[in-house]
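The values are calculated or read from the model by the stated rules, or taken from the named source; none is laboratory data. The shown structure was predicted, so the numbers you read here are calculated from the model rather than taken from an experiment. All Cβ positions, glycine included, derive from the backbone under ideal geometry; neighbour counts span all protein chains shown. Calculation scope for accessible area: heavy atoms of the full protein, side chains included, ligands and nucleic acids excluded. Shrake-Rupley method; radii C 1.70, N 1.55, O 1.52, S 1.80 Å.
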Amino acid sequence: MSQQQNTTPEQDPETSSKKSTLSMLFSFAMPYRKTMVYAMLALIFTAAVTLSIGQGLRVMIDNGFVAQSNTQLNQTTILILSLTLLMSVGTYIRFYLVSWLGERVCADIRKAVFDHLVELHPSYFESNLSGEIMSRLTTDTTLLQTIIGSSMSMALRSLLMFIGALIMLLLTDAWLTMVVFFIVPIVLLPILIFGRRVRELSKRTQDSVANVGTYAGEIIQQIKTVQSYSRESYEKKAFGREVEHSFEIGKLRIKQRAMLIAAVLLLVFSAVASMLWLGGSAVIAGEMSAGQLGAFVFYSILLATSVTTISQVWGDLQRAAGARDRLVELLQVRSEISSAATTQADVSTLAPLISCQNMHFHYPSRPDRPALQGIDFSIPAGQSVALVGPSGAGKSSLFELIQRFYDPQQGSVRFDGVDVRELDHHALREQMALVPQQPVLFSSDVRYNIRYGRPSASDDEVIAAAKAANAHEFIMQLPDGYASFLGEKGVRLSGGQKQRIAIARAILKNPRILLLDEATSALDAQSEAKVQQALNRLMQGRTTIIIAHRLATILDVDKIMVFDQGQIIASGTHQQLLSSCDLYSQLAKLQFRDVQI
């Protein structure tokens, strides 16, 4: 079997939409052309052997039954059994190779789609539900796998049998074959009529199934909220409506496919009965032998079953076309964030100095609402700066831009004076580590979650990072220590423990720029003290930008920038802002009500 290098083809956005389902699948199958050739040879071999059985049947009838010769009967029986054995072996080889190819191509398509997804800009996921994307990645690719691993094999086999049977019919009796030529177009007509309807309904079915999965996924993720508000009954009914809607669409699709198959069966076997009547009349009149009629009937049945199979596969192809359209839509999406063709500088050689120049930004999904306006600042290497201000003032948006998840519509974000759009964005993010308010943990063990900051780190380095983050003690109390499974989103840990795992991850990454987004705001006093100690160690010698609502945590930073309505309205030290900025002074009075400031 071919074990060629696993490659996937590039998808040209201008031509992908014009590709048929077959051409898309063929492009992914091309790296395994040897396997395709072997499968095709096995297919041709089995088709030739199957067609040969018809001639054995003719000899058996004429030289055995009619001639009443036991010797000929025994010989032709052995011949037919030998041909049947060869056909079985060829079918095994064909089925295995084609099924392997289906599994392999399906895996390649999934990887191609996933690889494309993880490079897309975050705004794409703002307007597209994760459940629907997952449906395309799993359900749609599985449907295409069925086409390659089963339906395509059946279609090719049926096509060869159709052509071969037609040739053998002509050789057996040309006049009766003319009847076949007259009937075939009539049989193909319902395939064309109903096939178009099946394709449209199949795409609607895939969309509805994706909606069902999206709805269920969201409810399961928020199950505590659902139960705390006693909304179980409502969600059951709402999910039931989604399922019933999907069922109704599926029912229409099944009805169209059933009508397609029924129409083909009716026409095909009516044609076979007609040919039997005509052939029987010819045998009675002495115009053809009984063996010829038997062979003709055998080939007619092969022809009929081939057309029936092709009609079924045609329905599968129409259904797969909907899945293919949905996958192509994903592959056609181009990320709005990409590295320059030629980067201006190696990020690792630049100083960790962050600045902005007359920057204006709004989110793509909210073009009429500016998130940041006229932002100008410079943060020298190694300094700590805090961003304060009311919710929605633009602090988190600035973090998004610094990490280049978005690009500003005007102005620029600069790294040591270089526009970040001129740098490799992967290399840029390697210089940074984010500790968010709600830490993100993966459904794996402790060691994996910490090592996510630097996958090449040794176990000793992981443990050292955990100790620096004040996390080692509670980790060792877990059932399996660093090998303890944390559950989905780290559900088995407390808020403070999750935060310290996230800090350990950042320590292990050893970034030159540290972004802290409300890293202690949701913690109790004891957890906050431990987390703050870990953060103080992490901040040493690094350029640090902190989003903070609790002013007590940022009294010692080098500079504080006050945000309001997407603008920086003041900057300075804590003491300077108390006298120069009314908004900051109000925030300080609210938080230090009982403390002399």
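Points worth noting:
- From the options ALA381, ALA393, residue that is open to solvent by 20 Å² or more (accessible area, probe 1.4 Å), part of a loop (DSSP other than H, G, I, E, B) and touching a residue at least 40 places away in the same chain (Cβ under 8 Å): ALA381
- Among the conditions (1) open to solvent by 10 Å² or more (accessible area, probe 1.4 Å); (2) modelled with pLDDT under 75, the only one that GLY315 does not satisfy is (1).
- Meets criteria (over 35 Å from the mean Cα position of the chain (by Cα) and at pLDDT below 90) for ALA351: yes
- Among the candidates ALA466, ALA506, residue that is touching a His at 6+ places or on another chain (Cβ under 6 Å), of a type outside the set (D, E, K, R) and under 19 Å from SER443 (Cα atoms): ALA466
- The single condition among (1) surrounded by 17 or more Cβ atoms within 10 Å (Cβ to Cβ); (2) more than 31 Å from the chain's Cα centre (by Cα); (3) in a loop (DSSP other than H, G, I, E, B); (4) not hydrophobic (A, V, I, L, M, F, W, C) that GLN497 does not meet is (3).
- Of all the criteria given as (1) open to solvent by 50 Å² or more (accessible area, probe 1.4 Å); (2) at pLDDT 70 or above, the one not satisfied by TYR229 is (2).
- Of all the numbered requirements in (1) surrounded by fewer than 21 Cβ atoms within 10 Å (Cβ to Cβ); (2) over 30 Å from GLY389 (Cα atoms), VAL446 misses one, and that requirement is (1).
- Residues within the range 238-272 that are of a type in the set (Gly, Ala, Ser), under 30 Å from VAL179 (Cα atoms) and modelled with pLDDT of 75 or more, tallied: 4
- Residue in the range 347-363 that is open to solvent by 60 Å² or more (accessible area, probe 1.4 Å) and in a loop (DSSP other than H, G, I, E, B) present: no
- Some residue of the range 96-109 being open to solvent by 80 Å² or more (accessible area, probe 1.4 Å) and at pLDDT 75 or above: yes
- Matching residues in the range 457-488 - criterion: being buried (at least 17 other Cβ atoms within 10 Å of the Cβ), of a type in the set (Gly, Ala, Ser) and in a loop (DSSP other than H, G, I, E, B): ALA457, ALA469, ALA471, SER484
- Lone unmet requirement of (1) under 25 Å from ALA502 (Cβ atoms); (2) buried (at least 20 other Cβ atoms within 10 Å of the Cβ) for ARG454: (2)
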